[in-house]
1. Determine, for MET290, MET198, MET273, the number of other Cβ atoms within 10 Å of each Cβ, and report the residues in order from fewest to most.
2. Could you compute the FRET efficiency for GLU34 and HIS265, with r as their C-beta to C-beta distance and R0 at 22 Å, rounded to 0.05?
3. If R₀ is 41 angstrom, what is the calculated FRET efficiency for the pair ILE295 and LEU257, using the beta carbon separation as r and rounding to 0.05?
4. Let me make sure I get this right: for segment 92-278, a, b and c are the square roots of the gyration tensor eigenvalues over alpha carbons, sorted descending. Under 1.5 in a/c it's rounded, otherwise prolate if a/b > b/c, else oblate. Which is it?
5. LEU278 to MET236: extension gain in nm, 0.36 nm per residue of separation minus the Cα-Cα distance?
6. If you take the beta carbon distance between VAL26 and ARG80 as r and set R0 to 22 Å, what does 1/(1 + (r/R0)^6) give as a FRET efficiency, to the nearest 0.05?
7. Quick one: check the C-alpha center-to-center distance for segment 186-201 versus segment 269-304, whole angstrom.
8. Rounded, prolate or oblate: which fits segment 171-302 when a ≥ b ≥ c are the square roots of the eigenvalues of the alpha-carbon gyration tensor, with rounded for a/c under 1.5 and prolate only if a/b beats b/c?
Amino acid sequence: MELETPLVDKTLKEQGHHLVLLPDGVSEDILAKEVTDCDILLMCYTPITRKIIDSAKKLKAIVKYGVGIDAIDIPAANERGIVVVNIPEYAEETVAEGAFAMLIALAKKLPTLQKQMNNKAWVWPSQEWLGLDIAEKTLGIIGCGKIGTSMARMAGLGFRARVIGYDPSKSKEKLAQRGIEKYDNLLEMIKECDFISMHTVLNKETKHLIGAKEFSVMKKTAIIINSARGALIDEMALLDALEKKQIAGAGLDVYSLEPLNKTDHPLKKLYEMDNVMLLPHLTFYTKEAMERLEIETLERIAEVMENRPVTIKSKDPRLQNQT
């Protein structure tokens, strides 16, 4: 389903705009027909193809109320003079909190303890329930942008962890200011880590950044967290590493193929693993983050409708290079 935006819907209707709501999974043909005379196309997950864009004769802008823009044919839009804009900053701290929540839960074995409490009413201390401190452990952050540096602050200043990071685009001095010790070699960094958290963008260079080679050098006690993009990790290699107990656990909020399911998904075995925490791509989804998202979405819509310059906060060159 599409992300619900009640404030956006209510405000646009009150302003006298004609709002057409279409379900997620709407066919390309139906969407192409519906956008024929629309001025602004709001989307979250539905692919916006060249066919859809070419059929929208009056379209001024495509507003992604969220971050990822891979589902939009941006060159096709730009050829028509249609601006594409997203809302990239509404949940940066929120996602870091979600990633850190998964880290704490797995380190303390909270999911399995809760399961035991539900099934057997009580748990007595034994080796299988022995958790880990975060203090004085080493957290490796892959991708040290705003979300990654928020994660670093929580772990370092908040929990006294040593924080190290891999991000070729950031200088050693810049990361040091954020409490992160920079590593230039990813494998060397991974060897040091008790916990690893993914926060980099997904592109050709970062797809499957973590694969079989990387899992082979991780500590057997290591826990990996991914709240960024599923394809940053070779997920079949992750599944293999978990089955072989090469690593201690994984917390996942994102997957290459979404939604996850228990019947025919390539990763369905993850549901059976007690050392894995699975979330449904919702670390961004809090009351405060959604309020920020809707307010910014309305700001971008107002700019378009009033023929003002559209604010583009994303650093993604596909959006920055629009003319």
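Quick note: the coordinates plus some simple rules give every number you see, no bench work behind them. The shown structure was predicted, so the numbers you read here are calculated from the model rather than taken from an experiment. We place every Cβ from the backbone using ideal geometry, glycine too, and count neighbours over all the protein chains shown.
1. By the 10 Å Cβ count, ascending: MET273, MET290, MET198.
2. The pair GLU34/HIS265 has a calculated efficiency of 0.10.
3. 0.80
4. Note, shape of segment 92-278 comes out oblate.
5. Result: 13.6 nm gained on full extension.
6. 0.60
7. What the calculation gives is 24 Å, centre to centre.
8. Cα axes put segment 171-302 in the oblate bin.
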